[in-house]
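Heads up, the thing below is written out as structure tokens.
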Amino acid sequence: MKRLKLILIFLVLSLQSFFLAAQNLKTSPEIENRIESLIQQMTLDEKIGQLHQVSGVSDLFQQQAREGKIGSFLNVRGATATNELQRIAVEESRLKIPLIFGLDVIHGYRTIFPIPLGEAASWDPELVERTSAMAAKEAAASGIHWTFAPMVDIARDPRWGRIAEGSGEDPYLGSILAAAKVRGFQGKNLSDPLTIVACPKHYVAYGGAQAGRDYHAVDISINTLREIYLPPFKAAIDAGAGTMMSAFNELNGIPASANPFTLTQILRNEWGFRGFVVSDWNSIGELLNHGIAATPAEAGTKALLAGVDMDMMGFVYSSNLAALVQQGAIDEKVIDQAVRRILRIKLQLGLFDRPYVDLQLEQSTILSNENLALALESARKSIVLLKNDKQLLPLNKSIKSLVVIGPLADNKSDPLGCWRCEGNDADVVTILEGIKSKIPSERIRYFKGCEIQGGSDKEILKAVEIAQKVDTAILVVGESEDMSGEAASRSSLDLPGHQEKLVKAIYETGTPTIVVLMNGRPLTIPWIAEKIPAILETWQLGMQCGNAIADVLFGDYNPGGKLPVTFPRTVGQVPIFYNHKNTGRPPSEEKFTSKYLDVPVTPLFPFGYGLSYTKFKFSDLKVAVEKADNITQIFASVEVQNIGDRAGDEVVQLYVQDVVASMTRPVKELKRFQRITLQPNEKKKLEFQLNANELGFYNQSMAYMVEPGVFKIWIGNSSVEGLEENLEIMD
Ligand code: NOJ
């Protein structure tokens, strides 16, 4: 009986999400009729053309667009360039089917916001929705219809450079932010000219690459797939994402771009996805390297039948599908289905009625004051205060002298991070420039000290000489923009080059030292964490980097970001994440327990961690479980008070643990959070509500279950601090 009830809940929820996804991609009899009428008229070559995506403009591609043999371009941008290509498609091709222009609009188009990992540190979905909407607006005004974003890959291994592109290690935070980004890009209606269609990527489990090496194989349990890697994709689909990108990696022996289990069974049959799937760049062609196809024709067949509708720069569909249909190896109906999905998105975007963009709109939308203000807001909210001994920060503006040192202190390029799109170095405010806007220039010295990856003892000595003569030293160190992102895995997570040596030398002068980190991934900085009194994690904050950091350094903004990812002490601890399992021998003083001989098992800085210039007190955790109409709800409340003397933000985090279950469960799982602002002394009661169904997991038969019993619940300010209570879910 109990089992039946749970299976029923599961079925109802699956059906609900099936319809939710279907509903979000609003179609209509008119759209469907138009699609069918076009398919009737299309030749096989024209159909295959819709499935073919190419990068950049050339005479050949223009001619092919004229012949209806290309459905989409990527990497063509700007109203003039896109309008010209579009003109060829809608005025010179036989059926006048518009092109869809795609681009990696990852954290801004022309106005660049923090890298996604940085923005995830804001724990602010409403902000993330607004920056995505702003990016969409700028991109759409430049002729872009489609972004290859959000990148929703869970990343538990900071060696993997693409950790910078996503929201970190947690499936819940990742899901909330994935949905926010889709809502931001797509707005309420795709046909609004200032929205673009989203493409969650890289489906799926790309972040699970062995050894953190990009493009590497992924071998994980189906439980881990369903509970860790899939949820942000599901959240993006439920939020209405119109397309999806299939990944480069193999998953348990089957490459993601030829995987019917993930692309058809889960994505379409379970989740009800009605949009189209695009491959990653030549990921269909790469099926040959994976060793699951002997020829491009075989690769194309596998990818298409698995559910990849569009071939990005692989030329596999365009060169092989026609012959495969003629030989009877592929049923033309399968091609029709892919064409249908692509045309549906083009129609939903309104491209048939409004193929061109307005040149004037492009000019007035790009880099406006409103956009820059949002870039500053998002940069400020993404900063995490990692350490602040004796309240060294914020600095007093009457400080007599300070020196700004480091290869990233006056750097206009690296703050833009990977995937800077149309971002321009000239528009970046450096940290030195930001500081100069706070106090008179005569009081500021600047010296680079070393390069990101190079330098000399002589330069370090010069920096030391200057540091000896000032009141405070601010060191800006970290990674260059090309050290994270695609094909940018690192086997060491230390500060590159001589930078740590520089920090040590400045610290030795005895001048109070502040370290500002600028990086695209967690770094291993145990010495800095121990010795340096004040540390800011600033990621790569985009154009307003310098203003945001200066605001924090001088107390014009009180930092409130929290880590979306665990910082290890050493690369040897990797993979390290907060929602791990307990083991049969949890770490303790005892010898035969799960730990290392040479380093603690705990991270350097845990997930969800971050300080403020003020202090918050948590009290009165109350938990109640109520059951009505067979639905069990959990109500949890807590009081949070600002007990310091300045206004500040706290991210209140709720975690749970299923204490005893039929399968082992993580020691903690994030289930809710809220970023709040409190004035000095202000107290606020926060109330969270959860459906008991959210406490379930996939059991040994791969059925999603909530098992009755005792759960622990914590509400606090990180994954390691919090008030604790028990709750019981009854049968
Ligand atoms: C390859 C990357 O993996 C993907 O994220 C990106 O969207 C495409 N190239 C297109 O640039």
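Give, as a single signed number, the net charge of other residues whose beta carbon lies under 14 Å from the beta carbon of Tyr698, with Lys and Arg counted +1 and Asp and Glu -1.
-3
If you average 1/r over all unlike Cα pairs in the stretch 375-569 and invert the result, what Kirkwood radius do you get in angstrom?
16.5 Å
What figure, in Å² to the nearest 10, do you get for the accessible area of Glu451 with a 1.4 Å probe and non-protein molecules left out?
Using a 1.4 Å probe on the heavy atoms, I get roughly 90 Å².
Within 12 Å, Cβ to Cβ, of Val623, how many net charges do the neighbouring residues add up to if Lys/Arg are +1 and Asp/Glu are -1?
With Lys, Arg at +1 and Asp, Glu at -1, the neighbours total -4.
Taking only the alpha-carbon atoms of the stretch 22-134, what semi-axes of the equivalent ellipsoid follow from 5 times the gyration tensor eigenvalues under a square root, in whole Å, largest first?
That gives 33, 20, 11 Å for the three semi-axes.
State the percentage of accessible surface on the stretch 165-285 attributable to carbon and sulfur atoms; use a 1.4 Å probe and exclude ligands, DNA and RNA.
Solvent-exposed carbon and sulfur of the stretch 165-285 make up 53 percent of the total.
Could you state the number of Å between the C-alpha centres of the stretch 246-313 and the stretch 165-221?
A separation of 17 Å, based on Cα centres.
Whenever you get a sec, compute what percent of the accessible area on the stretch 375-569 sits on carbon and sulfur atoms (1.4 Å probe).
Heavy-atom surface of the stretch 375-569 belonging to carbon and sulfur, 1.4 Å probe: 45 percent.
Just the Cα atoms of the chain, one point each, no solvent: what log10 I(q)/I(0) does Debye give at q = 0.05, 0.07 Å⁻¹?
Per q value, in the given order, log10 I(q)/I(0) is -0.25, -0.50.
In degrees, nearest 10, range 0 to 90: what is the angle between the Cα axis of helix 125-141 and the longest Cα principal axis of the chain?
50 degrees
In whole percent, and with a 1.4 Å probe on the protein chains, what portion of the accessible area of the stretch 616-729 is carbon and sulfur?
Carbon plus sulfur share of accessible area: 43 percent.
Kindly report the accessible area of the stretch 375-569 per residue (heavy atoms of protein chains, probe 1.4 Å, no ligands, DNA or RNA), in Å².
The answer is 33 Å² per residue.
Expressed as cubic angstrom per residue, what is the convex hull volume of the alpha carbon set of the stretch 251-383?
187 Å³
How many angstrom lie between the C-alpha centres of the stretch 457-528 and the stretch 355-395?
25 Å
Can you tell me which of 534-544, 316-326, 112-122 comes out highest on packing, and rank the rest after it, using the mean Cβ neighbours within 10 Å?
My ranking of the peptides, most packed first, is 112-122, 534-544, 316-326.
Near Ile452, within a Cβ-to-Cβ distance under 15 Å, what is the net charge of the other residues, with Lys and Arg +1 and Asp and Glu -1?
Cβ neighbours under 15 Å give a net charge of -4.
In Å², and per residue, what accessible area does the stretch 158-316 have when probed at 1.4 Å with the other protein chains present?
That works out to 26 Å² per residue.
Run through the DSSP bridge list for the chain and note the antiparallel percent, rounded to the nearest 5.
Percent antiparallel among DSSP bridges in the chain is about 60.
By per-residue mean of other Cβ atoms within 10 Å, what is the highest-first order of 205-215, 611-621, 581-591, 553-563?
The peptides rank, most packed first, as 553-563, 205-215, 611-621, 581-591.
At q = 0.12, 0.14, 0.16 Å⁻¹, work out log10 I(q)/I(0) for the stretch 481-572 with the Debye formula, treating every Cα as an identical point scatterer and leaving solvent out; two decimals please.
Relative scattering, expressed as log10 I(q)/I(0), comes to -0.42, -0.58, -0.77.
So how far, in whole Å, is the C-alpha centre of the stretch 588-650 from the one of the stretch 562-586?
Answer, in whole Å: 16.
Per DSSP helix of 4 or more residues, -39500 (n - 2.57); summed, then divided by the residues of the chain. What does that give at 222 nm, rounded to the nearest 500?
That calculation yields -8500 deg cm²/dmol at 222 nm.
State log₁₀ I(q)/I(0) for the stretch 2-362 at q = 0.08 Å⁻¹ as given by the Debye formula over alpha-carbon point scatterers of equal weight, solvent excluded.
Rounded to two decimals, the profile gives -0.36.
The values are calculated or read from the model by the stated rules, or taken from the named source; none is laboratory data. All values derive from a computational prediction rather than experimental measurement. Neighbour counts run over all protein chains shown; Cβ positions are idealised from the backbone, glycine included. In case anyone asks, the SASA skips ligands and DNA or RNA and just uses the protein heavy atoms, side chains included. Shrake-Rupley method; radii C 1.70, N 1.55, O 1.52, S 1.80 Å.
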